[in-house]
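**Student:** Mind having a look at this structure? Questions to follow.
The values are calculated or read from the model by the stated rules, or taken from the named source; none is laboratory data. On a predicted model such as this, the values are computed, not experimentally measured, just so you know. Cβ atoms come from the backbone with ideal geometry, glycine included; neighbour counts cover every protein chain shown. Accessible surface areas use protein heavy atoms only, side chains included; no ligands, DNA or RNA. Shrake-Rupley method; radii C 1.70, N 1.55, O 1.52, S 1.80 Å.
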Amino acid sequence: MDRTEQIGAGAKLALLSNVNMDFVIRLLRKQAEVWQGEGYGNELGTLMNPGSSYHAFDPEITFLVMDLMELLGHDLEPETAGGKIDRWFQTAEAAMDEGKLYYISDTYLWGMELSVLADAGRKAALEYLWQKRLEEACAARKNVRILPFRQLVEELGADNAFSMKMWYMGKIPLGNEAQKRLCTLILDRVRVERRVPKKVLLLDLDNTLWGGLAGEQEHTPVELSEEHGGLAYKNLQRVILQMQKQGVLLGIVSKNNEADAMEILERHPHMVLRPDAFAARRINWAPKHENIRAIAEELNLGMDSFVFWDDSPQERLLVKEMLPQVTVPDFPGRKEELALAMAEIYREYFARPTVTEEDKARTAQYAANTARKELQRSAGSFEAYLRQLEITAVRVSPRKHMERLLQLLNKTNQFNLTTRRYTQGQLVRLLETPDRRIYLYSVSDRFGDNGVVAAAAADCRGEVPVLTDFVMSCRVMGKNIEYALMEDIEKELRESGYKRLRGIFIPTAKNMPVAGLYDRLGYRKLEPEEIGREMPAERGDVSVEPGIGEAETVPVEPGTGEAETVPVEPGTGEAEAIAVERGAGEPGVVSVDSQTDEWQAALAEPGARVYEIRLEDTPFIGGEGIASDKTYFVKIERESEE
């Protein structure tokens, strides 16, 4: 499968380098809109000059592919090389826009003099200096990522990746195949930034995680070891375990006697994936599509969150036919291809731009949900269950958790009232705008920390603030936590002097669980003729006078991948975009600039509704909700400023 085909129109990219990348840029321009600079070797000047054509082009993502030997000026002394590397990063970072994304290549030091270098460790030492400084930049700036250029070279081999002929012809370091692979790598990074990753990998056991049959191991031991074919299965498990540590949930769907399978999972000396690595298990003789449905219900996830991997073509075909939303990749024909096939599945369906702390803790969080369900069964009543959970919600700093905030807004579908999507730049601008309020919450209970799981945004530019976004992870749904968070938001707005609050609900194929939220909260649905009254006037990011300031346009991709913009006149009450659902559940965004247009666009969507509540009439009793159907027991706290 050619993943570059999924990029689509609308991706604005720039490729900067200190060596000739013209051919790679030409390849990229077949798939995306790419800035065409003049020459090479002035990457820092391009970044630093606000009047350059690069800044006028305004790329969404900038890729900096650097040749370390050229950057060092062929200085191979680590003492002086370290200073040159540090100065390059200091200059590059100072010129970066917080609202844009930057990929900087790791490095593979290449040059003719290395062939006679007596110090065999010098090359690795210089590469380490670059890698260390690159990792520091990524840690300090949430909008900087690593482009794995070194892996590309190692997979091809240095002799095949680099070309002396091309270098002498025009300072082009890479051969044709390496340039094509670099183009594919860049486009793949763009795809990963834009797509919604899958969440769960469902695995068969026999002849999938190990060779042979669990029920026959007394006569024929299963194939799983440190040698021959058994090593192929063990290496597969090693790949899957690393995926699990990076946030992929694992599940078992196997036709087997459970006791036989668990004996191997728990006791086999070469088993890498032990039972606690799996968030859900269905080991029985029921049809596999039924077991997948049961796991989806248990994890509270949509079918399109799952990837199913099984050695049996009959089982794969059945799942494809019965559950078309589940992704079912092919299974390799040879066991030595198992680990490579799984690595490709990870890149294709699960890879994320960054791995957050919430991602790393995901399996433990879902395991804790099992304990919560046991408590619910034994609590006697729903109210008793909520009390015993001892839930605490902490409002945390959006800036400290920017990656998770962006992930929540862009990846949440079920508990999402408007399905608006943001780029990093749009979110940064939103945080910098004084009359926009962002609420972000982490949630924990007696069984553990769920991490940062809920976010809301309010547009406070007018007399009546508008709740434009409210999202919450499916992991914490069903505990009335949303009532506590809404009360916290309403209370703050009331204390700020606001008398009313409005909210939008735009139905999609996936957010029906929150269709009645505003009704349950006591909000009144507005009639169309009421919606245009007392609309906030646009003030821009700086000006406080109505009608002054530039309209903010929020371009995003509809289901076709095409950015769609609805032009309006600035100065007539501008606001940001609202998201709508296109086609078969594919989210997209219509970019509109006026608050009036935002309401009109919302109402134009089938089933869209606008609600309002009088804040002065809302009782704030701070602990147990305001009605029997909205009972909650959630303690609200604020994150420490330290």
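**Student:** When you go through (1) crowded, with 20+ Cβ neighbours inside 10 Å; (2) at pLDDT below 95 one by one for residue 252, which number turns out not to apply?
**Tutor:** Going through (1) crowded, with 20+ Cβ neighbours inside 10 Å; (2) at pLDDT below 95 one by one, residue 252 breaks only (2).
**Student:** Name every residue in segment 106-145 that is charged (D, E, K, R), surrounded by 16 or more Cβ atoms within 10 Å (Cβ to Cβ) and either over 30 Å from residue 403 (Cβ atoms) or free of Cβ contacts under 8 Å to residues at least 40 places away in the same chain (or both), in order of residue number.
**Tutor:** Answer for segment 106-145, where residues must be charged (D, E, K, R), surrounded by 16 or more Cβ atoms within 10 Å (Cβ to Cβ) and either over 30 Å from residue 403 (Cβ atoms) or free of Cβ contacts under 8 Å to residues at least 40 places away in the same chain (or both): 122, 123.
**Student:** Now for a separate question. Which of the residues belonging to segment 514-535 are modelled with pLDDT of 90 or more, part of a helix (DSSP H, G or I) and open to solvent by 30 Å² or more (accessible area, probe 1.4 Å)?
**Tutor:** Answer for segment 514-535, where residues must be modelled with pLDDT of 90 or more, part of a helix (DSSP H, G or I) and open to solvent by 30 Å² or more (accessible area, probe 1.4 Å): 519, 520.
**Student:** Here's a follow-up. Scan 208, 220 and give me the residue that is of a type outside the set (D, E, K, R), at pLDDT 95 or above and in a loop (DSSP other than H, G, I, E, B).
**Tutor:** Going through 208, 220 in turn, just one is of a type outside the set (D, E, K, R), at pLDDT 95 or above and in a loop (DSSP other than H, G, I, E, B): 208.
**Student:** If you don't mind, there's one more thing I want to ask. Given the options 329, 269, name the one that is open to solvent by less than 50 Å² (accessible area, probe 1.4 Å) and within 30 Å of residue 226 (Cα to Cα).
**Tutor:** Going through 329, 269 in turn, just one is open to solvent by less than 50 Å² (accessible area, probe 1.4 Å) and within 30 Å of residue 226 (Cα to Cα): 329.
**Student:** Could you check segment 81-99 and list, in sequence order, the residues that are open to solvent by less than 20 Å² (accessible area, probe 1.4 Å), under 16 Å from residue 44 (Cα atoms) and not aliphatic (A, V, I, L, M)?
**Tutor:** Selection gives 88, 89.
For (1) aromatic (Phe, Trp, Tyr); (2) in a helix (DSSP H, G or I); (3) farther than 23 Å from residue 370 by Cα; (4) under 34 Å from the mean Cα position of the chain (by Cα), each residue gets a yes or a no:
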{"residue": "215", "(1), (2), (3), (4)": "no, yes, yes, no"}
{"residue": "232", "(1), (2), (3), (4)": "no, yes, yes, yes"}
{"residue": "240", "(1), (2), (3), (4)": "no, yes, no, yes"}
{"residue": "243", "(1), (2), (3), (4)": "no, yes, no, yes"}
{"residue": "247", "(1), (2), (3), (4)": "no, no, no, yes"}
{"residue": "253", "(1), (2), (3), (4)": "no, no, no, yes"}
{"residue": "265", "(1), (2), (3), (4)": "no, yes, no, yes"}
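**Student:** Consider residue 324 against the criteria (1) over 30 Å from residue 429 (Cβ atoms); (2) surrounded by 18 or more Cβ atoms within 10 Å (Cβ to Cβ): it satisfies all of them except one. Which criterion is unmet?
**Tutor:** Every listed condition holds for residue 324 apart from (2).
**Student:** If you don't mind, another one. Which count do you get for residues in segment 192-210 that are open to solvent by less than 10 Å² (accessible area, probe 1.4 Å) and under 18 Å from the mean Cα position of the chain (by Cα)?
**Tutor:** Total satisfying the criteria: 3.
**Student:** OK, next. For segment 321-434, give me every one of the helices (runs of 4 or more DSSP H) that falls completely inside it and has 2 or more residues that are aliphatic (A, V, I, L, M) and at pLDDT below 95.
**Tutor:** Hits in segment 321-434: 362-379, 382-389, 402-411, 424-432.
**Student:** Hey, does segment 166-184 have a residue that's more than 16 Å from residue 19 (Cβ to Cβ), open to solvent by less than 30 Å² (accessible area, probe 1.4 Å) and part of a loop (DSSP other than H, G, I, E, B)?
**Tutor:** Scanning segment 166-184 turns up no residue that is more than 16 Å from residue 19 (Cβ to Cβ), open to solvent by less than 30 Å² (accessible area, probe 1.4 Å) and part of a loop (DSSP other than H, G, I, E, B).
**Student:** Taking segment 143-165 as the search range and keeping residues that are part of a helix (DSSP H, G or I) and of a type in the set (S, T, N, Q), which one is farthest from the chain's Cα centre (by Cα)?
**Tutor:** 160
**Student:** Another one. When segment 281-301 is examined, which residues are found to be at negative phi, within 27 Å of the chain's Cα centre (by Cα) and either open to solvent by 50 Å² or more (accessible area, probe 1.4 Å) or not small (Gly, Ala, Ser) (or both)?
**Tutor:** Passing the criteria: 281, 292, 293, 295, 297, 298, 299, 301.
**Student:** Next question. When you scan segment 284-304, do you find a residue that is within 25 Å of residue 370 (Cα to Cα), β-branched (Val, Ile, Thr) and touching a residue at least 40 places away in the same chain (Cβ under 8 Å), even just one?
**Tutor:** Yes, the conditions are met somewhere in segment 284-304.
**Student:** From the set of residues in segment 218-248 that are among the polar types (S, T, N, Q) and touching a residue at least 60 places away in the same chain (Cβ under 8 Å), which is farthest from residue 356 (Cα to Cα)?
**Tutor:** 235
**Student:** Another question, if that's okay. Hey, could you check segment 472-507 for residues that are of a type in the set (Lys, Arg) and open to solvent by less than 30 Å² (accessible area, probe 1.4 Å) and say which is nearest to residue 608 (Cα to Cα)?
**Tutor:** Looking at the filtered set, the residue picked out is 502.
Conditions (1) surrounded by fewer than 19 Cβ atoms within 10 Å (Cβ to Cβ); (2) in contact (Cβ under 8 Å) with a residue 12 or more places away in the chain; (3) in contact with a Pro (Cβ under 6 Å, 6 or more places away or on another chain), marked per residue:
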{"residue": "419", "(1), (2), (3)": "no, yes, yes"}
{"residue": "426", "(1), (2), (3)": "no, yes, no"}
{"residue": "442", "(1), (2), (3)": "no, yes, no"}
{"residue": "446", "(1), (2), (3)": "yes, yes, no"}
{"residue": "453", "(1), (2), (3)": "no, yes, no"}
{"residue": "459", "(1), (2), (3)": "no, yes, no"}
{"residue": "470", "(1), (2), (3)": "no, yes, no"}
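**Student:** Same structure again: Are any residues in segment 33-55 within 21 Å of residue 422 (Cα to Cα) and without any contact (Cβ under 8 Å) to a residue 12 or more places away in the chain, and if so, which ones?
**Tutor:** Scanning segment 33-55 gives a single hit, 55.
**Student:** Do we have any residue at all in segment 304-318 that's touching a strand residue (DSSP E or B) at 6+ places or on another chain (Cβ under 6 Å), among the basic types (Lys, Arg), at pLDDT 95 or above and open to solvent by less than 40 Å² (accessible area, probe 1.4 Å)?
**Tutor:** Within segment 304-318, not a single residue is touching a strand residue (DSSP E or B) at 6+ places or on another chain (Cβ under 6 Å), among the basic types (Lys, Arg), at pLDDT 95 or above and open to solvent by less than 40 Å² (accessible area, probe 1.4 Å).
**Student:** State whether the residues of segment 64-80 include one that is open to solvent by 30 Å² or more (accessible area, probe 1.4 Å) and under 25 Å from residue 193 (Cα atoms).
**Tutor:** Scanning segment 64-80, I find no residue that is open to solvent by 30 Å² or more (accessible area, probe 1.4 Å) and under 25 Å from residue 193 (Cα atoms), so the answer is no.
**Student:** Out of the residues in segment 429-440 that are touching a helix residue (DSSP H, G or I) at 6+ places or on another chain (Cβ under 7 Å) and in contact (Cβ under 8 Å) with a residue 40 or more places away in the chain, which is most open to solvent (accessible area, probe 1.4 Å)?
**Tutor:** Applying the filter and picking the extreme gives 438.
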